Every structure is written in structure tokens, then in C-alpha cells.
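Taking it in order: structure first as C-alpha cells, then the write-up.
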Amino acid sequence: MLNIVNYLNEKELFSVLDKYNAFDIKSHGKKVSIYAMGLLDSLSPYYQFKDEEINLLRYSALLHDIGYFINKKSHHKHTKFIILNEPLLDNMPKSLRDNLALITSGHGKSIDDTLNFHPKVTVLKLLSILRIADALDHKHNLNISLEKVEIKDNALNIRINGEGSNIIMKSINKKSHLFSKIYNIEVLVDCN
């Protein structure tokens, strides 16, 4: 897998994010990126992630909602459209751009099967982490803190705290099926 940072530097990444920053999705993307990296850290003792996978997940987390710029309702497909057509991303090889489009647009319920993505298992692993990270900031305006994430007793145990934790817990439960399938462990959420 190619490393996205070799084709899109931080300044260019934030130029894209700023260009499509409707409904303050930039702040949401930053939170989701932090959550995604936290989840990845908790998985690292058990699963090996290469730098290019970590960077692709971080970029995907930051950009996953840029489709709000076109329309909030179908933002998943609009995110894919923007990533596949944005001139600032033209330096990216097609395979990497397709992977970015698939991960970002697949953070909801469905996975776009019209894109070629490779390696499939790796892309699905990253997508499943993004879904949980996005669920942690589901409403974009709740003050939720991620207290603890650990793998214990063949489960990914997530402890959250804050007003609206029950809403977030339901969202994680809805969006964690792919993660459970890919990693072969269940996801358990505890609210303080």
C-alpha cells in the first residue's frame, strides 16, 4: 500500500478540509481523527499497522464528512465524489485515491462496491475503525470523553463519559458490526 503523505502533505490536506468545511465538519473530523488514533493504539499490541495504514486512517478520519459541503443528507456519496474529483488530490495515484474514497464514504452503513480497493482486508480494517471513531462523535456536539479503550476477554472494551453517553453507546453498537466481523471480537461499550 502506498503512503498517502507522499502524495498529499498536511498543508494540502487541510486546504481540502478548509475548502469543504460546511457545518464545522473540520472540528468533527479532528475529533474523529483523535478517536481513530486512540482506537488504533489500543489495537497495536495485537495487530501490526504500517505507517501507510495509520496515515490513511488519519486522513480518512479528517476528510470523511466533506460531502456535507454538497448535501448533508447524502454526504457519504458526496464525500466520495469530492475525493475522486478534487483537483488538489490529483497527485494521488488512482489506487490510493480509490482507497481514500472508499474508507471515507463507507463510514456509514454501506460499502461502495464500485471502487477497486486493495488490499481489501486492510481497507476494511481501517474502515471498521473509522466507523467506531465516527460514532464516538455521532452528534458532533456532545461533550463525550473516551475514558479507556482496551482489548480484554476477546472484546474491544470502550468506556465513555459525558452527557449523551447513551446516544453514543447506541451509535457505536450500530456501527461496530464490521469491526466485530473483521477482527473477530465483539465491541462492548460502558458509560460512566
Checklist line | Solvent-accessible area per residue for the chain (1.4 angstrom probe, square angstrom) | finding: 50
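Taking 0.36 nm per intervening residue step and subtracting the Cα-Cα distance, what contour gain separates S95 from K73 on full extension? All intermediate terms of the calculation are to be shown ahead of the outcome.
On the way: separation 22, 0.36 × 22 = 7.92 nm, distance 2.73 nm.
Result for the pair: 5.2 nm of gain on full extension.
More than 13 angstrom separation, counting every C-alpha pair in region 108-185; what % is that?
Working: 2071 of 3003 pairs.
Every Cα pair in region 108-185 considered, those over 13 Å come to 69 percent.
What are the membrane-span-like helices in the chain by this rule: whole DSSP H runs, Cα extent along the axis at least 20 Å, mean Kyte-Doolittle hydropathy at least 0.5?
Numbers: long enough: 25-43 (26 Å, 0.28); 120-135 (22 Å, 1.18).
Helices passing the filter in the chain: 120-135.
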Margin query: If I model a spin label at N3 and D112 as a point 7 Å from the Cα along the Cα→Cβ vector, what separation in nanometres do I get?
Written below: 2.7
Check: Considering the Cα trace of the chain, what is its radius of gyration and what is Dmax, both in angstroms?
Finding: 15.6, 47
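Report the semi-axes of the equivalent ellipsoid for region 71-144 in whole Å, largest first, where each axis is √(5λ) for an eigenvalue λ of the Cα gyration tensor. Intermediate values should be presented prior to the final figure.
Values: eigenvalues 96, 48, 24 Å².
With the √(5λ) rule applied to region 71-144, the semi-axes are 22, 16, 11 Å.
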Next item on the list: Keeping the other protein chains in place, figure out the carbon and sulfur percent of the accessible area of region 109-192, with a 1.4 Å probe.
Entry: 44
Next item on the list: Rank L43, G162, S105 by how far each Cα sits towards the positive end of the charge dipole of the chain (+1 on Lys, Arg Cβ; -1 on Asp, Glu Cβ) and give me just the farthest.
Entry: S105
Check: In whole Å, how far is the Cα centre of region 67-130 from that of region 150-174?
Finding: 25
Check: Per residue, what volume in Å³ does the Cα convex hull of region 146-192 take up?
Finding: 57
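Placing unit charges on C-beta atoms (Lys and Arg positive, Asp and Glu negative, everything else neutral), compute the dipole magnitude of region 9-50 about its Cα centre in debye, rounded to 20. List each step's numbers first, then the result.
On the way: 6 positive and 5 negative charges, 6 e Å.
About 20 debye.
The values are calculated or read from the model by the stated rules, or taken from the named source; none is laboratory data. Everything numeric in this text was worked out from a predicted model, so none of it was measured. Cβ atoms come from the backbone with ideal geometry, glycine included; neighbour counts cover every protein chain shown. SASA here: full protein model, heavy atoms, side chains in, ligands and nucleic acids out. Shrake-Rupley method; radii C 1.70, N 1.55, O 1.52, S 1.80 Å.
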